[in-house]
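Everything below concerns the one structure shown next.
The values are calculated or read from the model by the stated rules, or taken from the named source; none is laboratory data. If you're wondering where the values come from, they're calculated on a predicted model, not measured in any experiment. Using ideal geometry, Cβ is built from the backbone for each residue, glycine included, and neighbour counts are taken over all protein chains shown. Ligands, DNA and RNA are stripped out before the accessible areas are found, and what is left, the full protein with its side chains, is counted by its heavy atoms. Shrake-Rupley method; radii C 1.70, N 1.55, O 1.52, S 1.80 Å.
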Amino acid sequence: MSLACGIVGLPNVGKSTLFNAITRSAVQAANYPFTTIDPNVGIVPVPDPRLAVLAGIFASKQVVPSTTTFVDIAGLVRGASKGEGLGNAFLSHIREVDAIAMVVRCFEDKNVVHVEEQPDALRDIDIISVELALADLSTVDKRLEKSRVRAKAEPKLQKEVDALEQLRAGLDAGKPARLIARDELTLSLSKELSLLTAKPLLYVANVDEAGLTTPSPQVAAVRERAAMEQAECIVVCAKLEAELAALPADEAAAYAKELGVEQSGLDQLILGSYRLLNLMTFLTAGEKETRAWTIQRGTKAPQAAGQIHSDIERGFIRAEIASYDDLARLRSLVAVRDAGLLRSEGRDYVMQEGDVVNFKFNV
């Protein structure tokens with residue numbers, strides 16, 4: 001399963017610097033708008049310390065982590081919904097991702113140009129939010145016009161018209177679609193129309209090094225906005241993350257410890273995006289490999305098996321499951337079985353985070 005998180009924001013807020021750090025790639029990060037025109041895509045491993053533990057227990061030859069895809073999307077400016085800047089390309093690229101990480105500049109630096117002259121976190125958020133809402137309004141209006149005409153001939157379509165009018169009224173009032181769409185019909189229409197403001201949102205407050213230890217009013221404002229919108233918020237220093245990413249792992253860890261950074265901003269971003277996309281991990285372990293598999297929360301055992309191979313889903317018999325915690329504590333599958341903690345689950349079992357699974361199947 002591969003779901004993508006788009007990194008968006010105004011020009012020069014640190015998007016490409018952060019993306020470089022995430023993917024350890026060399027995307028151009030120049031001090032002027034529109035350096036990034038075509039979206040850059042990076043597939044990154046999801047940090048998971050459980051893999052090394054399981055690989056040690058099972059003497060695995062290979063370790064394969066889960067991954068998350070990030071898309072670095074061109075900076076947006078006022079009027080993007082009307083085609084200003086790289087507006088139309090920007091909006092089409094956002095439409096293709098599953099979730100949005102909005103980078104918001106929360107630091108002062110005279111050497112880094114701000115497209116609105118002065119950084120102001122809430123104003124910057126509003127610029128992007130308004131452009132996304134305007135693009136959604138245009139999309140909803142087009143569908144509403146068609147649905148009203150069709151509803152005259154097919155009265156049963158009036159429910160769709162009502163749902164679209166509800167979405168339109170909310171967007172017009174400045175609400176994102178994810179806060180408007182509550183019932184099954186508005187949710188399905190939001191998804192079908194690929195509404196930008198319906199996508200799950202993570203605010204990334206980009207601070208300078210001092211801002212990592214001394215919270216600023218700008219960051220507090222972003223956190224408050226995130227809470228109001230049922231979105232998530234993390235704080236990173238993109239410049240520092242880029243410096244850490246350029247170092248060997250052991251040196252990066254020592255430098256981070258020296259600075260008092262407990263969890264890297266990149267790990268926070270990757271894990272935050274993973275949660276945002278409503279994903280979870282189950283694990284398989286053996287001598288050949290220990291691997292993390294990505295599934296949606298709520299996935300049942302046969303469909304989880306299908307992530308490994310369609311034949312395993314088709315011929316599913318049962319799933320033998322040990323919890324990671326039990327395996328880490330008892331240090332072998334035999335010990336888990338002897339303790340009566342190895343479970344046999346059938347077709348209706350809903351997978352849980354950290355299940356270590358062996359699927360039994362017959363094709």
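Run the helix sum for the chain: -39,500 (n - 2.57) per DSSP H stretch of 4+ residues, divided by residue count, reported at 222 nm to the nearest 500 deg cm²/dmol.
For the chain, the value works out to -13000 deg cm²/dmol.
Enumerate the amide H contacts of ALA101 below 5 Å, restricted to partners 5 or more residues apart or on another chain; note that Pro and chain-start residues carry no placed amide H.
Here GLY6, ILE7, VAL8, LEU202 satisfy the definition.
Once you place label points 7 Å from the Cα toward the Cβ at LYS360 and GLU209, how far apart are they in nm?
About 5.8 nm separates the two model spin labels.
Pick out, in residue order, every one of the GluC sites (Glu not before Pro) in the range 199-286 that is DSSP loop and has at most 13 other C-beta atoms within 10 Å; say none if there are none. Could the numbers behind the result be given before it?
Details: sites: GLU209, GLU224, GLU229, GLU232, GLU241, GLU243, GLU251, GLU258, GLU262; in loops: GLU229, GLU262.
When the GluC sites (Glu not before Pro) of the range 199-286 are filtered for loop state and at most 13 Cβ neighbours within 10 Å, GLU262 remain.
Quick check: Cα centre of the range 325-350 to Cα centre of the range 135-179, how many Å?
50 Å
Rounded to the nearest 5, what is the percent of antiparallel bridges among the DSSP beta bridges in the chain?
50 percent
Give, rounded to the nearest 20 debye, the magnitude of the charge dipole that the chain has about its Cα centre when Lys and Arg contribute +1 at Cβ and Asp and Glu contribute -1 at Cβ.
Roughly 1220 debye for the chain.
Whole number in Å², please: accessible area per residue of the chain, 1.4 Å probe, ligands, DNA and RNA not counted.
Here the per-residue accessible area is 49 Å².
Pull up all non-local amide H partners of LEU3: gap of 5 or more, or a different chain, and H-to-H distance under 5 Å with H placed in the peptide plane.
The list, which skips near neighbours in sequence, is THR69.
Have a look at LEU341, LEU51, LEU91 and tell me which one the Gaussian network model of the chain (Cα, springs below 10 Å) gives the largest fluctuation.
LEU341
Report ³J(HN,Hα) in whole Hz for each residue of the range 281-293, in order, from the Karplus equation J = 6.51 cos²θ - 1.76 cosθ + 1.60 where θ = phi - 60°; Gly and Pro get x.
10, 10, 10, 10, 8, x, 5, 5, 7, 10, 9, 9, 10
Taking a threshold of 32 Å on the Cα-Cα distance, which of the pairs LYS152/LYS175; LYS199/LYS239; LYS191/LYS288 fall above it? List each step's numbers first, then the result.
Working: LYS152/LYS175 29 Å; LYS199/LYS239 27 Å; LYS191/LYS288 40 Å.
Check vs 32 Å cut-off fails for LYS191/LYS288.
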